[in-house]
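Every read-out reported here was derived from the displayed coordinates using simple, explicitly stated rules and does not represent laboratory data. Because the structure is a prediction, the values reported are computed rather than measured. Heads up, the Cβs are rebuilt from the backbone with ideal geometry, glycines too, and the neighbour counts pull from every protein chain shown.
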Amino acid sequence: MPYLRFVVKVCSAFVISLACWECLLRLIAEQPLPYHHDPKLGWMPVPLSRCMDAREGYAHFSFNELGFRDDPVGVKAPGEFRVLCLGDSYVEGGGMGPAQTYPRRLQCLLRGRPGVPRLVRVLNAARAGTTVAFSVGLSDAYKSLFQPDLVIIMVRDGWGDLLDPVQEVHYAATGAGFKVKTDWHWEHMSKAQRLAVRMHLRDLAVVHYGLRHLIDIREASQRASRAAGKSDASTRLAAIDWTVAELAHRYPHLVLVHMPYTAGTHDGLAPVSPDELRLADACKGCGVPLVRMRGEIERDAAAGGMPPFGFANTLPWEGHPNAHGHDLVARALARMLTAPDVLPGWTLLSARDGRSAASHAAAGMVGSRGPSARCPRGKVNPTMLLTDKRLNKGHRAAYSDSGRLLCRTACKGRL
Amino acid sequence: MLFTSVQFACFFAIVLTGLAVLRKQNHKIRWLLAAGVVFYGAWNWRFLALIGFTSVFDFCLGIQIGKATGALKKRLLVLDICVNLLLLCVFKYLDFFISTADVLFGVHFSLARIMLPIGISFFVFEAMSYCIDIYRGKLVPYSRWDHFALFIFFFPRMVAGPIIRGSDFLPQLRSPIRITAHNLNVGGQMFLLGLTKKLVIADRLSDFVDLVYANPALYSSASVWQATIAYSIQIYCDFSGYSDMAIGLAKIMGFELPANFRLPYIALNLTDFWRRWHISLSSWLRDYLYIPLGGNRKGVTRTYLNLLITMTLGGLWHGASWHFVLWGVLQGLGLAVHKAYRSILGPRLPEKSGWPLKVVSWTVTYTFVCFCWVFFRAQSFPDAVTCVVKMVGGLAGGLTWLCGPLAAIAPLVVLSHLLAGRMQHQKDGLVLAPAYFSHLVLLFAWVLGVYFMSATRTAPFIYFQF
């Protein structure tokens, strides 16, 4: 009996202390995000859920009816021009409010500009912890959910993760190239794990924070070596080519944004990697506009700008991009989308509202295309580069595969 | 084996089990001696011979000093001091002397690049203090080598102190070594306190401090100030945390080690600061260097000179580099200035005045200590000068990056200092008694807190490099 009393006393004390830490962690560190299995999109935040995360900065997250960190999507309005932003936690915007993320900033920068559709709406469909393989494998789902007119995908180095089978959507190498495999975690969970999910045990801050703290301490280097070990350089580079071609095929109107890694020395970016150069080549070959943030960041740093990475409770040039970093991305994209001389011969047009080419031209919105023989899929992306030479000759542009009107004007009426 | 590692937890569990199982005192002493050999060997087995030589040499010489009389006694003591200092000079300072001679005289000897044996600064001083105490008649030479060897090989304080005296430690071996519930509770909480200081405070601040001090020219004056204040907290929590862990481990096994820190940052003057900071070293330097030099018995000028010599050598003890020497010189000058200031002010000292003067006195002391830490921490002399110039506002520009965790940690450290100041008059300090339910809840919450709030990356203990 005394032993039983002792055991009950110790267990009660432990539970009470856990409860105290549960309350404290929810105030200062983290309110865990509940997840569920979506049959189309996989392991997703529960729609309309909320959480808080203070690992980097301090931010409250709220998720819309589809489970993304954005305002409600709703039905697409007539004349609405939708820009869909895909990516990982870099785009989701950890550590800051949603208004500071680059999709929201881009929307503010685009709206009201002459020539930009009045109903331009930039949606944030980024998912933390995912890779660009999700954008490839779930393209049909994204297109049916959002009906985007333009898709912007942020990519980073670390292409070896695309082949990591831990990810729900990943690549498998085949003889001809790659194929996308979908491997929902929910289907592989044991009954005990499913019960734990249904009982919301992982939704407890002490469990979620405690487990993640353990993982942070032990697995950071293990994960990098595991991913690197799964792919050699040639496989990785081939995956880059394949990915760009697939994205160009699946998303007719596409822009890629490349975000470089930071150096480990907390004073700048990592050197240019072969992957980054290969990505630039692949985009050029497939005619996919690529915004390389390296140049933007370096120019900003040289001009005395604040580091675009790092928060109040982390170090400069560490972790996710901060508000300044997102602002740099938004400005770079806004310049590219609205000023053709920044990216020679290319500007963006939306023609879904069926207006005539002339009215589009008068509105100053143009797009053009040109051929490319280097894209692995052999198709031409409708939004492609033109050289200055062709522009200067006053070429009229063609129509897209889907019948979208693409035309271009002379200098007047540019965005 | 770091105290914060899983390997050490397993090692300590085995040691405790052995102590609980063994019955005879001598067996327990040999068990602890073996544990010390294994612990030191885990760091670097090559230097076991060095520390073994020290233990045998000083043991034998201690016996001879005890038997000898007159001039022979003195010569034996001098031999002991010379051999120990020679070991220290060869293993720690040889490359420092070579590079200094290269700069001063242009001699081009190649560096010896001898690996620094871990804890050499500590066990050499302890061995010397044993023989000196025998010479002075404060200690009787021990006839059992295993008892004396345990004094050198006692693993909780082997690598980073506190520096213990034979007169404090060896008599404890006459009492039975027992693991009691009280010692387990108090020692465990001391260990937990040290763990909290190290993992939760020191390691969290180290990232920011390392970043700014790696390249201080890149950062603004505000960031350099913040990094210096953060470093003052980091080095205190790191070193006192290690000392607390060492004292706690010793307490669990039934041994009492002396306190090494006594709330140094509440000191109102530099003399008081050195009575509270690294007490084992400062008292060692006082008893074995400052007083033999004459202390304050040979006139005012000689007193200031003795202070300067003592603190300069104290700085050199910390590391074989001129910026440690400069740190020591600054401390010596500060102490001399304070001594002169006391002799002038007399009964109007700030410690005896109202709180406004105490605040001013504390501010001046803490600011001076922080400026001295710059030389202690900076990676080179030019970096140290850059930091100091930025702190006084001489160099504008640079990135202002503030340390978020410092805003939460600094008030906690201040509060703990104020609370502990009140608690230190109680017998066992702030000790939780698990018999009470509320205390048990607090204990569990404390352990969970150390886990949840610990930094992801563990930095090495700062004083391991000495």
Q) Taking the alpha-carbon centroid of each part, what is the distance from the stretch A:266-296 to the stretch B:212-238 in angstrom? A) 35 Å
Q: Can you spot the aspartates and glutamates whose alpha carbon is less than 17 Å from A:K191's alpha carbon? Ignore those fewer than 8 places along the same chain.
A: none
(Q) Checking the a/c ratio against 1.5 first, then a/b against b/c, what shape does the Cα gyration tensor give for the stretch B:162-307? (A) oblate
Q: Give me the aspartates and glutamates in straight-line cross-link reach of B:K28: C-alpha distance below 15 Å, same-chain residues under 8 apart excluded.
A: B:D146
**Q.** Sequence of B:R377, B:R276, A:R55 once ranked by neighbouring C-beta atoms within 10 Å, starting from the fewest
**A.** B:R276, A:R55, B:R377
Q) For the stretch A:125-204, what is Rg from Cα atoms divided by 2.2 N^0.38 Å, rounded to two decimals? A) 1.32
(Q) Given contacts defined as C-alpha pairs under 8 Å and at least six residues apart, what's the relative contact order of the stretch A:40-134, whole-number percent? (A) 29 percent
Q) In the stretch B:113-184, what is the volume of the convex hull around the alpha carbon atoms, normalised per residue and reported in Å³? A) 117 Å³
(Q) For a bin width of 10 Å, list the pair-distance distribution of the stretch B:213-298 built from all Cα-Cα distances, rounded to whole %. (A) 15, 31, 29, 19, 6, 0
Q. Convex hull volume of the Cα atoms in the protein assembly as shown, per residue, in Å³?
A. 225 Å³
Q. Normalised by the number of residues in the stretch A:167-211, what is the relative contact order in percent for Cα pairs under 8 Å and 6+ residues apart?
A. 23 percent
Q | Sequence of B:S221, B:S143, A:S62 once ranked by neighbouring C-beta atoms within 10 Å, starting from the fewest | A | B:S143, A:S62, B:S221
(Q) Run the reach check for B:K298 against aspartates and glutamates, Cα to Cα strictly under 17 Å, same-chain hits fewer than 8 apart removed. What comes back? (A) B:D287
Q: Can you give me the three principal axis dimensions of the stretch B:238-376 from its C-alpha atoms, in Å, biggest first?
A: 49, 35, 30
Q) Using all Cα-Cα distances in the stretch A:1-76, what percent lands in each 5 angstrom bin from 0 up to the longest? A) 3, 14, 15, 15, 13, 11, 9, 7, 6, 4, 2, 1, 0, 0
Q. From the square roots a ≥ b ≥ c of the eigenvalues of the alpha-carbon gyration tensor of the stretch A:58-202, which class results: rounded (a/c under 1.5), prolate (a/b over b/c), or oblate?
A. prolate
Q.
I need the calculated FRET efficiency for the pair B:A214 and B:V6, taking r as the beta carbon distance and R₀ as 22 Å, to the nearest 0.05.
A. 0.15
Q. Which of rounded, prolate, oblate describes the stretch B:1-160, given a ≥ b ≥ c as roots of the alpha-carbon gyration tensor eigenvalues and a/c under 1.5 marking rounded, otherwise prolate only if a/b is larger than b/c?
A. oblate
Q: Mind computing the radius of gyration and Dmax over the alpha-carbon atoms of chain B? Å is fine for both.
A: 22.9, 70
Q.
What's the whole-number percent of alpha carbon pairs in the stretch B:186-234 lying beyond 12 angstrom?
A. 63 percent
Q: Kindly put B:V337, B:V15 in sequence by how many other C-beta atoms sit within 10 Å of each C-beta, fewest to most.
A: B:V337, B:V15
Q) What are the extents of the Cα atoms of the stretch B:1-67 along their three principal axes, listed from largest to smallest and rounded to whole Å? A) 44, 31, 15
Q) Hey, any idea what Rg/Rh is for the stretch A:76-133, computing Rh the Kirkwood way over Cα pairs? A) 1.03
